[in-house]
1. In region 73-85, is there at least one residue being under 14 Å from residue 155 (Cα atoms), of a type in the set (Val, Ile, Thr), assigned to a helix (DSSP H, G or I) and touching a residue at least 60 places away in the same chain (Cβ under 8 Å)?
2. Given the structure, is residue 56 within 18 Å of residue 90 (Cα to Cα), of a type in the set (Gly, Ala, Ser) and either touching a Pro at 6+ places or on another chain (Cβ under 8 Å) or not in a helix (DSSP H, G or I) (or both)?
3. Just checking, does region 65-76 include any residue being hydroxyl-bearing (Ser, Thr, Tyr) and either in contact with a Ser or Thr (Cβ under 6 Å, 6 or more places away or on another chain) or within 27 Å of residue 23 (Cα to Cα) (or both)?
4. Mind listing just one residue for me: the one in region 68-86 that is among the small types (Gly, Ala, Ser) and within 19 Å of residue 150 (Cα to Cα) and, of those, least open to solvent (accessible area, probe 1.4 Å)?
5. State the number of residues belonging to region 1-58 that are among the small types (Gly, Ala, Ser), surrounded by 14 or more Cβ atoms within 10 Å (Cβ to Cβ) and closer than 19 Å to residue 151 by Cα.
6. Taking region 127-149 only, how many residues are among the hydrophobic types (A, V, I, L, M, F, W, C) and open to solvent by 90 Å² or more (accessible area, probe 1.4 Å)?
7. If you check residue 65 against the conditions, is it over 10 Å from the mean Cα position of the chain (by Cα) and open to solvent by 50 Å² or more (accessible area, probe 1.4 Å)?
8. Taking the criterion of being over 30 Å from residue 83 (Cβ atoms), at pLDDT 90 or above and hydroxyl-bearing (Ser, Thr, Tyr), would at least one residue in region 137-158 satisfy it?
Amino acid sequence: MDFIEIVLFIVLFIAIITDLSYRKIPNALTFPAMFCGVGVHIYSGGWGGLGFSTLGIVTGIGLLFVFYLFGMMGAGDVKLMGAVGSFLGPAGVFQAFLFTALAGGIYAVAVLAVKGQLLRFVKRMVRSLYLSLAQRRPVLLPEEGQALPVLCYGVAIAAGTVTSLFVKF
């Protein structure tokens, strides 16, 4: 395991703890992590390392920014993915993003099941799909009664990133 992976694991572990404890991933974690990723890549690769790491930050933030704009995740999650990008570069953060999406889906299903809301959620999605097909336009039925649980997406980002380091494609 490389130094950069060890530092990334530490960052992700702290992100999990803060996200689960406070539902926040603080700037005091994400910004120093980005600077560390950039610094390590500058040290090892000069100007090319700077470009690699900076493009990774932009890619990581870009992949989650739309979800933030629509209120689907917090800014800390977006900045954490940018920090991941500073360590892994653009291709690495894209792969981490794909595994994060998978981990996030599994995490969401598990939380819905534990909260006893999975069947109601699936029924709502099936009815929305049926209406969308019938009306030939996207329809999302509103949530009835109890709101959906909030997910700590830093957990999914950590799980997806760690998985991406072990599964290469």
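The values are calculated or read from the model by the stated rules, or taken from the named source; none is laboratory data. Computed from a predicted structure; not experimentally measured. Here Cβ is always computed from backbone atoms with ideal geometry, including for glycine, and neighbour counts include all displayed protein chains. Please note that ligands, DNA and RNA were not included when accessible areas were found on the heavy atoms of the full protein model with its side chains. Shrake-Rupley method; radii C 1.70, N 1.55, O 1.52, S 1.80 Å.
1. For region 73-85, residues under 14 Å from residue 155 (Cα atoms), of a type in the set (Val, Ile, Thr), assigned to a helix (DSSP H, G or I) and touching a residue at least 60 places away in the same chain (Cβ under 8 Å): present.
2. Yes.
3. For region 65-76, residues hydroxyl-bearing (Ser, Thr, Tyr) and either in contact with a Ser or Thr (Cβ under 6 Å, 6 or more places away or on another chain) or within 27 Å of residue 23 (Cα to Cα) (or both): present.
4. 76
5. Number of matching residues: 1.
6. 3
7. Numbers: over 10 Å from the mean Cα position of the chain (by Cα): yes; open to solvent by 50 Å² or more (accessible area, probe 1.4 Å): yes.
Here the answer is yes, as residue 65 does meet what is asked.
8. For region 137-158, residues over 30 Å from residue 83 (Cβ atoms), at pLDDT 90 or above and hydroxyl-bearing (Ser, Thr, Tyr): absent.
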